[in-house]
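Structure record follows, encoded as structure tokens.
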Amino acid sequence: QVQLVESGGGLVQAGGSLRLSCVASGGTFRIYTMGWFRQAPGEERDFVAAISGGGSSLRYADSVKGRFTISRDNAKNTVYLQMNSLKPDDTAVYYCAAGVRLRDSMRADQYNYWGQGTQVTVSS
């Protein structure tokens, strides 16, 4: 069983930056593909970014390409999401997720474990 705990959310003005962290425990972190998803009120949970276990394969949603960067530190069992040039549309609860042998890392239903989420609010 893997436990995931996100942190780093908050309130920021448009154009600002935040870095989210997700610490994993209870499993062998390096074998997991890690993903970030977000969910705004009344909306579905949407893919943001994913990173393979070794960190060599990265995927991003079109809406965040060039602004967000996903990375991981396997020695610290941590995955990060650096968010720059934030927009009000980025406002959501952000979740990290872990999964193995994923067919499609952009699909939420492929992941086995989820964190509790961290709120990101971008003011205009």
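The values are calculated or read from the model by the stated rules, or taken from the named source; none is laboratory data. Every value quoted in this text rests on a predicted model; they were computed, and no experiment measured them. Here Cβ is always computed from backbone atoms with ideal geometry, including for glycine, and neighbour counts include all displayed protein chains. Please note that ligands, DNA and RNA were not included when accessible areas were found on the heavy atoms of the full protein model with its side chains. Shrake-Rupley method; radii C 1.70, N 1.55, O 1.52, S 1.80 Å.
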| Can you give me the relative contact order of segment 36-124 as a percent, contacts being Cα pairs under 8 Å and 6 or more apart? | 28
| Once the Cα gyration tensor of segment 20-91 is diagonalised, what are the square roots of 5 times its eigenvalues, in whole Å and ordered largest first, as equivalent ellipsoid semi-axes? | 23, 13, 11
| remark: Toy charge model, Lys and Arg Cβ at +1, Asp and Glu Cβ at -1: the chain dipole around Cα centroid in debye, rounded to 20, equals 400
| With every protein chain in place, the chain: carbon and sulfur % of accessible area (1.4 Å) | 44
| note | The Kirkwood hydrodynamic radius of segment 1-50, taken as the inverse of the mean 1/r over all distinct Cα pairs, in Å, comes to 13.0
| field | Ranked order, 58, 11, 102, 4 - accessible area, probe 1.4 Å, largest first | value | 11, 58, 102, 4
| message | Please compute the per residue accessible area over the chain with all protein chains in place, 1.4 Å probe, rounded to a whole number of Å². | response | 51
| query | What does the accessible area of residue 45 come to, in Å² to the nearest 10, when a probe of 1.4 Å is used? | reply | 80
| request: Please compute the net charge surrounding residue 55, taking Lys and Arg as +1 and Asp and Glu as -1 over other residues with Cβ under 13 Å from its Cβ. | output: +3
| query | With θ set to phi - 60° and the Karplus curve 6.51 cos²θ - 1.76 cosθ + 1.60, what are the ³J(HN,Hα) couplings of segment 89-95 in order, to the nearest whole Hz, using x for Gly and Pro? | reply | 5, 7, 4, 4, 8, 9, 10
| message | At 1.4 Å probe size, put 36, 114 in order of accessible surface, largest to smallest. | response | 114, 36
| remark: Out of 119, 53, 16 - ranked by how far each Cα lies towards the positive end of the dipole of the chain, with unit charges on the beta-carbon of charged residues - the top one is 53
| said: Given the C-alpha atoms of the chain, compute the convex hull and give its volume per residue in Å³. | reply: 92
| message | Can you tell me what share of the DSSP beta bridges in the chain is antiparallel? A percent to the nearest 5 is fine. | response | 90
